[in-house]
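Colleague: Before I ask anything, here is the structure I am working with.
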């Protein structure tokens, strides 16, 4: 297992945990759809009519950073709010880019995301953040009254119009990220061959989904996000993930005549709003598509949202793909010892250093 740990005393302990947890996941490992088909199927699932970007930005210049705030359109009725931090102390006219993604309930304007953007700007990198669907500026008062993000997932579950099916749980934001990348490649101040992506929790999941398929993303760092939805469901470790959108799951259970949330009604909701998430679009399958691009996986040992048993299956799939591509030096895996679902200072430092090295 290609894992690195800051605390050497925990290294053997964590490796034993990984090997033990792997035993319960062997039935899933190795049985994946071909990578080209995964990419093609995912693009087909998310395909929709292309709309003009219609970019609009306001620029603020300070002594330490140039800030752009504005939007583009990803769909006719979908405006993506964007925050950009550009290096100021340089004569360069174009820059590498890192796209930074927030977690559930967050926004592009939250403190840690802005900190990432600013840090990258000091490194000569353009930092870019967006609001995910039903988050930040996209969460209007009307949508808040309809229970916001969770309400949108509930409506997607209850939708009966198969020609107009929303996928607000990850997938629609993944499409936004592809369109954002389309837009970035048109900007003269962007070095289109040097685009990276990172994200926290939900944003990390959107990172491994969007960047695995989009090879224009040259470097990726999903944080507290790598897991196996299938393993969690099969091993009764779904509670952490389900609790992030619990009311949607409660409604699905009720609609299906169940008094409590259980594996069967969880799977039915996932099959509707994130189809394929326990199959070809699960992380162990999609993580293979990164090879041979530089990939840093940052997880936590005690993370209930991304249980280590399922994450280990993804670690193994990634390692096998990088070994096959003769690029094992471009893969690193770090599991923070005795840590719950949170980004640690070590995670953040390693993320920044990874982009500094490979982007």
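Colleague: Measuring from centroid to centroid over Cα atoms, what is the spacing of the range 223-271 and the range 32-67 in Å?
Modeller: A separation of 28 Å, based on Cα centres.
Colleague: Additional query: Arrange 281, 290 by Cβ neighbour counts within 10 Å, fewest through most, would you?
Modeller: Ordered by Cβ neighbours within 10 Å, fewest first: 281, 290.
Colleague: For 118, 73, what's the fewest-to-most ordering of other Cβ within 10 Å of each Cβ?
Modeller: The most exposed by this proxy come first: 118, 73.
Colleague: Pull out the extension gain between residue 76 and residue 164, defined as 0.36 nm times the separation in residues minus the alpha carbon to alpha carbon distance; nm, one decimal.
Modeller: Contour length minus Cα-Cα distance gives 30.3 nm.
Colleague: Given a Förster distance of 51 angstrom, what is the FRET efficiency for residue 62 paired with residue 259, based on the Cβ-Cβ distance and rounded to 0.05?
Modeller: 0.35
Colleague: Please report the spacing between the Cα centers of the range 85-112 and the range 293-318 in Å, no decimals.
Modeller: 25
Colleague: Scale the Cα Rg of the chain by the rule-of-thumb value 2.2 N^0.38 Å and send over the ratio, two decimals.
Modeller: Against the compact-globule rule of thumb, the ratio is 0.96.
Colleague: In which sequence would 330, 91, 357 go, from the one with the fewest C-beta neighbours within 10 Å to the one with the most?
Modeller: With the fewest neighbours first, 330, 91, 357 line up as 91, 357, 330.
Rule-based calculations on the coordinates, nothing more; no lab input. From a predicted model like this one, the values you see are computed outputs, not experimental measurements. Ideal geometry is used to build each Cβ from the backbone, glycine not excepted, and the neighbour counts take in all protein chains shown.
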